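Please read the structure below before turning to the comments.
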Amino acid sequence: NAGVTQTPKFRVLKTGQSMTLLCAQDMNHEYMYWYRQDPGMGLRLIHYSVGEGTTAKGEVPDGYNVSRLKKQNFLLGLESAAPSQTSVYFCASSYAGTQETQYFGPGTRLLVL
Amino acid sequence: RKEVEQDPGPFNVPEGATVAFNCTYSNSASQSFFWYRQDCRKEPKLLMSVYSSGNEDGRFTAQLNRASQYISLLIRDSKLSDSATYLCVVKPTGTASKLTFGTGTRLQVTL
């Protein structure tokens, strides 16, 4: 039981390049989330999903797209990376309903030059 | 005003000391409250939920004051392993399972 895993762990991009971050969970959770964490800003929600095939915008969605084609996977895409997207990205998942504990992946450190 | 505010610290305390953190939230309709712990360069992990009547888990005590809109975390008999950043987390009403995170309070426990 791996919990929540993220790929890759670290990536360097040039401005304008694209990439996809993969999040996978093996806990059969309905809800999945993408956050970014920046110094002094705390964790901010980018996009989230309440089930397979559904996604919704969070607090800071601009410049990102997501897809949830399979229940266990949640992909975060950067179409044209910008230096402002340099951050640590965390994926999380949780059960639906009253259980609100979110389980986080180990994070992806992204540097955009 | 930030939705969730915390003193960033750092709080430097000797082993065995008692330390307390406060956190204030702006949305009076918030319904659920948590403390998460985040070790350096690691992911956040749930430490404990915060209940209206206050709750305790070993050396950790959490309290909620709805009238003043703040929650607190008390750590007794601090251990070196308690060194981490403690995130105050609030779930506003009507937001499914979305959580709002504070920026965290850093604790450093020393010998």
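The values are calculated or read from the model by the stated rules, or taken from the named source; none is laboratory data. Since the model is a prediction, treat every value here as computed from it, not as a measurement. Cβ sites come from the backbone with ideal geometry, for glycine too, and all protein chains shown count toward neighbours.
A few comments on the model shown:
- Residue under evaluation residue A:113, criteria (1) surrounded by fewer than 16 Cβ atoms within 10 Å (Cβ to Cβ); (2) among the hydrophobic types (A, V, I, L, M, F, W, C); (3) touching a helix residue (DSSP H, G or I) at 6+ places or on another chain (Cβ under 6 Å), criterion not met: (3)
- Given (1) farther than 29 Å from residue B:10 by Cβ; (2) within 11 Å of chain B (Cβ to nearest Cβ); (3) assigned to a loop (DSSP other than H, G, I, E, B); (4) among the small types (Gly, Ala, Ser), index of the condition residue A:16 fails: (2)
- Among residues of the stretch A:56-83 that are charged (D, E, K, R), those with a Cβ under 6 angstrom from a residue that is part of a loop (DSSP other than H, G, I, E, B), sequence gap 6+ or separate chain, pair up as A:68/A:52; A:71/A:52; A:79/A:18.
- When residues of the stretch A:65-97 are limited to those that are more than 20 Å from residue B:44 (Cα to Cα) and modelled with pLDDT under 95, the one nearest to the other protein chains (Cβ to nearest Cβ): A:97
- Single unsatisfied condition, residue B:58 versus (1) modelled with pLDDT of 95 or more; (2) within 21 Å of residue B:8 (Cα to Cα); (3) loosely packed, with under 12 Cβ neighbours inside 10 Å: (2)
- Checked against (1) closer than 16 Å to residue B:92 by Cβ; (2) out of contact with any Leu (no Cβ under 6 Å at 6 or more places or on another chain), residue B:50 passes all but a single condition, namely (2).
- Count of the stretch A:40-64 residues which are at the interface with chain B (Cβ under 9 Å from one of its Cβ atoms) and either surrounded by fewer than 19 Cβ atoms within 10 Å (Cβ to Cβ) or not in a strand (DSSP E or B) (or both): 7
- Conditions (1) crowded, with 18+ Cβ neighbours inside 10 Å; (2) out of contact with any Asp or Glu (no Cβ under 7 Å at 6 or more places or on another chain): number failed by residue B:9: (1)
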